[in-house]
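The values are calculated or read from the model by the stated rules, or taken from the named source; none is laboratory data. Please read these numbers as outputs of a predicted model, since none were measured by experiment. Here the Cβ is made from the backbone with ideal geometry for all residues, glycine too, and neighbour counts use every protein chain on show.
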Amino acid sequence: MIVMVMDGQGGGIGAEIIKGLRQEPGAEMEILALGTNSTATSRMMKAGANKGATGENAIVRTCGKADVIIGPIAIIISNAMMGEVTPGMTEAVCSSNARKILIPLTQENVRIIGVNGEPLPHLVGQAVKAIKEM
């Protein structure tokens with residue numbers, strides 16, 4: 001299974017996701033770190049990704065190869081993360097045939113009703129469990 005982890009800004013959410021995935025014993029997956037900037041990519045690589053790349057073209061190309069795309073909900077909101085998430089990136093993520101697992105954390109002017117405000121470690125645990133069940 002190819003898991004694409006996408007994040008921006010400091011890459012903290014993506015790094016936590018990768019750490020959580022790496023803690024799963026016997027999980028056969030290739031983890032690709034895709035950052036909207038080099039800082040995010042670097043942090044996710046340090047967390048244990050197999051490969052990493054940065055920027056719109058890398059994200060657009062990798063979306064077509066991934067079985068699962070995971071990241072904060074901002075990866076499907078054009079111009080999110082202070083403009084780091086481009087419309088091209090969101091179109092590629094949303095159009096990909098990959099299963100999407102979105103962590104409901106956002107700094108945007110978006111509120112998701114029906115989602116409780118659990119802390120990041122709990123949300124990452126739920127996301128890792130969802131991937132494990134695939």
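Remarks
- Residue match in the range 73-94 (condition: modelled with pLDDT of 95 or more, touching a strand residue (DSSP E or B) at 6+ places or on another chain (Cβ under 8 Å) and closer than 19 Å to GLU28 by Cα): no
- The range 26-54 residues that are under 15 Å from VAL128 (Cβ atoms), paired with ones that are surrounded by fewer than 14 Cβ atoms within 10 Å (Cβ to Cβ) (beta carbon under 6 Å, 6 or more apart): MET29/MET1; ILE31/ASN50
- Residue match in the range 57-64 (condition: at pLDDT 95 or above, outside any helix (DSSP H, G or I) and among the hydroxyl-bearing types (Ser, Thr, Tyr)): no
- Any hit, the range 26-40, residues being of a type in the set (A, V, I, L, M, F, W, C) and in a loop (DSSP other than H, G, I, E, B): yes
- Taking the criterion of being crowded, with 23+ Cβ neighbours inside 10 Å, of a type in the set (A, V, I, L, M) and not in a helix (DSSP H, G or I), the residues of the range 1-15 that qualify are VAL3, MET4, VAL5, MET6.
- Of the candidates ILE18, ILE69, ILE75, the single residue that is under 25 Å from GLU133 (Cα atoms), touching a helix residue (DSSP H, G or I) at 6+ places or on another chain (Cβ under 7 Å), part of a helix (DSSP H, G or I) and in contact (Cβ under 8 Å) with a residue 60 or more places away in the chain is ILE75.
- When residues in the range 86-105 are screened for being in contact with a helix residue (DSSP H, G or I) (Cβ under 6 Å, 6 or more places away or on another chain) and surrounded by 17 or more Cβ atoms within 10 Å (Cβ to Cβ), 9 of them pass.
- Sole exception among (1) crowded, with 23+ Cβ neighbours inside 10 Å; (2) part of a loop (DSSP other than H, G, I, E, B) for MET82, by number: (1)
- Of the criteria (1) among the charged types (D, E, K, R); (2) over 17 Å from GLY10 (Cα atoms); (3) more than 14 Å from the chain's Cα centre (by Cα); (4) surrounded by 14 or more Cβ atoms within 10 Å (Cβ to Cβ), which one LYS46 fails: (2)
- Flag if LYS129 is surrounded by fewer than 18 Cβ atoms within 10 Å (Cβ to Cβ), out of contact with any Phe, Trp or Tyr (no Cβ under 8 Å at 6 or more places or on another chain), over 20 Å from GLY11 (Cα atoms) and without any contact (Cβ under 8 Å) to a residue 12 or more places away in the chain: yes
- Entry remark, the range 14-43: residues being under 23 Å from MET82 (Cβ atoms) and more than 12 Å from the chain's Cα centre (by Cα) number 5 in total.
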